[in-house]
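We did not get these values from a lab; they are worked out from the coordinates using the rules stated. None of these values were measured; they are calculated from a predicted model. Please note: Cβ atoms are built from the backbone with ideal geometry, for glycine as well, and neighbour counts cover all protein chains shown.
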Amino acid sequence: MELLGIHHAAIICSDYARSKHFYSNVLKLKVINEHFRAARNSYKLDLAMPDGSQIELFSFDGAPVRASYPEAQGLRHLAFKVKNVAQAKLYLESQNITVEEIRVDEITGKKFTFFADPDNLPLELYEV
């Protein structure tokens with residue numbers, strides 16, 4: 001077996017319209033498909049990243065809140081590659097998104113910062 005990369009990350013949101021706006025308009029991910037699954041009263045939105053990877057955004061009635069702070073076991077955060085962290089930070093702040101101060105990875109020397117989606121899921125910007 002040879003893993004070729006990450007195909008998608010799946011996110012369950014609490015407010016579908018708010019999260020759809022955040023991921024498609026604020027983060028500017030391209031909508032590939034959007035389906036309402038009546039039997040589950042659930043939306044599934046497929047969003048494309050420029051490198052071909054995807055985010056699947058789901059809504060499920062009654063889904064429990066994810067523990068992000070304090071950090072819990074499991075998936076810690078989702079990191080996005082950007083060319084310029086400082087510019088990306090300024091853009092997000094212009095969209096009224098709170099962004100942490102830029103730090104430098106002590107191992108790679110690369111700049112990074114964190115912000116959160118509408119459900120407080122930790123998201124990272126990592127300069128490549």
key: Theoretical ellipticity at 222 nm over the chain - DSSP helices of four or more residues, -39500 (n - 2.57) apiece, nearest 500   = -3500 deg cm²/dmol
query = When the dipole is taken about the Cα centre of the chain, and only Lys, Arg (+1) and Asp, Glu (-1) are charged at their Cβ, what size is it in debye, to the nearest 20?
reply = 280
key: Where a label projected 7 Å from the Cα of residue 71 along Cα→Cβ would reach, residues of the stretch 107-128 with amide N under 13 Å   = 114, 122-124
ask   = How about the stretch 57-128: which trypsin sites (Lys or Arg not before Pro) there lie in a loop by DSSP and see at most 14 other Cβ atoms within 10 Å?
value = 76, 83, 110
task = Indicate the gyration tensor shape class of the stretch 1-62 (rounded, prolate or oblate), computed on the Cα atoms with a ≥ b ≥ c the square roots of the eigenvalues: a/c under 1.5 is rounded; otherwise a/b larger than b/c is prolate and the rest oblate.
result = oblate
ask   = Can you list the GluC sites (Glu not before Pro) in the stretch 58-122 that are in a DSSP coil and have 12 or fewer other beta carbons within 10 angstrom?
value = 71, 101, 106
Cleavage-rule hits, trypsin sites (Lys or Arg not before Pro), the stretch 1-53, DSSP coil, Cβ neighbours within 10 Å at most 15 = 28
message = Contact order normalised by length for the stretch 76-128, with contacts defined as Cα pairs under 8 Å and 6 or more residues apart; what percent is it?
response = 45
Cβ-placed point charges (K, R +1; D, E -1), dipole of the stretch 1-62 about Cα centre in debye, nearest 20 = 240
Candidate lysines - alpha carbon under 25 Å from residue 20, same-chain residues fewer than 8 apart omitted = 28, 30, 44, 81, 83, 89
inquiry  = Just to be sure I follow: if Rg is taken over the C-alpha atoms of the chain and Rh is the Kirkwood radius over the same atoms, what is Rg/Rh?
reply    = 0.97
query = Which number do you get for Rg(Cα) / (2.2 N^0.38 Å) in the stretch 45-105?
reply = 1.40
query = Classify the stretch 76-128: rounded, prolate or oblate, from the alpha-carbon gyration tensor (a ≥ b ≥ c, eigenvalue square roots; a/c under 1.5 rounded; otherwise prolate if a/b is larger than b/c)?
reply = oblate
ask   = Label points 7 Å out from Cα along the Cβ direction at residue 102 and residue 4: separation in nm?
value = 3.5
remark   = Tilt, helix 85-94 to longest principal axis of the chain (alpha-carbon atoms), in degrees rounded to tens, equals 50
inquiry  = Let me check against my output: what whole-number percent is the relative contact order of the stretch 1-72, with C-alpha pairs under 8 Å and at least 6 apart?
reply    = 34
